[in-house]
Amino acid sequence: MTRFCVHCGRLVDGGAHEDCRTPRTALEPPRFCPECARRLVVQVTPLGWIARCSRHGEYTSEETD
């Protein structure tokens, strides 16, 4: 299965992701769907975040903890 970086949208297997693996990005919500690389609609709340892909549904901060 092809996986995409949730911070830059590029293939996880191809290319360098040094900027995507900094301590700063560990706390950021995803911006791209890991399954199709489409931009996510992200809502940040006091309790976490919800990211929605038009094709693959919702991802939440609770799932990534």
List pairs: first in the range 1-14 and at positive phi and free of Cβ contacts under 8 Å to residues at least 60 places away in the same chain, second of a type in the set (Gly, Ala, Ser) and part of a loop (DSSP other than H, G, I, E, B), Cβ under 6 Å, 6+ apart or cross-chain? Gly9/Ala37
Step by step: first the residues of the range 22-38, then only those that are of a type in the set (D, E, K, R) and within 20 Å of Glu62 (Cα to Cα), then the one that is surrounded by the fewest Cβ atoms within 10 Å (Cβ to Cβ). Which residue is that? Arg24
Failed item, numbered, when Glu18 is tested on (1) surrounded by 10 or more Cβ atoms within 10 Å (Cβ to Cβ); (2) out of contact with any strand residue (DSSP E or B) (no Cβ under 8 Å at 6 or more places or on another chain): (1)
Determine which single condition Val12 fails, assuming it passes every other condition in (1) at pLDDT 90 or above; (2) touching a strand residue (DSSP E or B) at 6+ places or on another chain (Cβ under 9 Å); (3) surrounded by 13 or more Cβ atoms within 10 Å (Cβ to Cβ). (1)
Hey, could you check the range 39-48 for residues that are modelled with pLDDT of 95 or more and either aromatic (Phe, Trp, Tyr) or surrounded by 14 or more Cβ atoms within 10 Å (Cβ to Cβ) (or both) and say which is farthest from Phe4 (Cα to Cα)? Val42
Hey, among the residues in the range 49-65 that are surrounded by 15 or more Cβ atoms within 10 Å (Cβ to Cβ) and of a type in the set (Gly, Ala, Ser), which one's farthest from Met1 (Cα to Cα)? Ser61
Do you know which residues across the range 37-62 are over 11 Å from the mean Cα position of the chain (by Cα) and assigned to a loop (DSSP other than H, G, I, E, B)? Pro46, Leu47, Ser54, Arg55, His56
Which members of the range 8-35 meet the condition of being of a type in the set (D, E, K, R) and either touching a Lys or Arg at 6+ places or on another chain (Cβ under 7 Å) or assigned to a helix (DSSP H, G or I) (or both)? Glu18, Asp19, Arg21, Arg24, Arg31
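The values are calculated or read from the model by the stated rules, or taken from the named source; none is laboratory data. These numbers come from a predicted model, not from an experiment. Every residue, glycine as well, gets a Cβ built from its backbone with ideal geometry; the counts of neighbours run over all protein chains shown.
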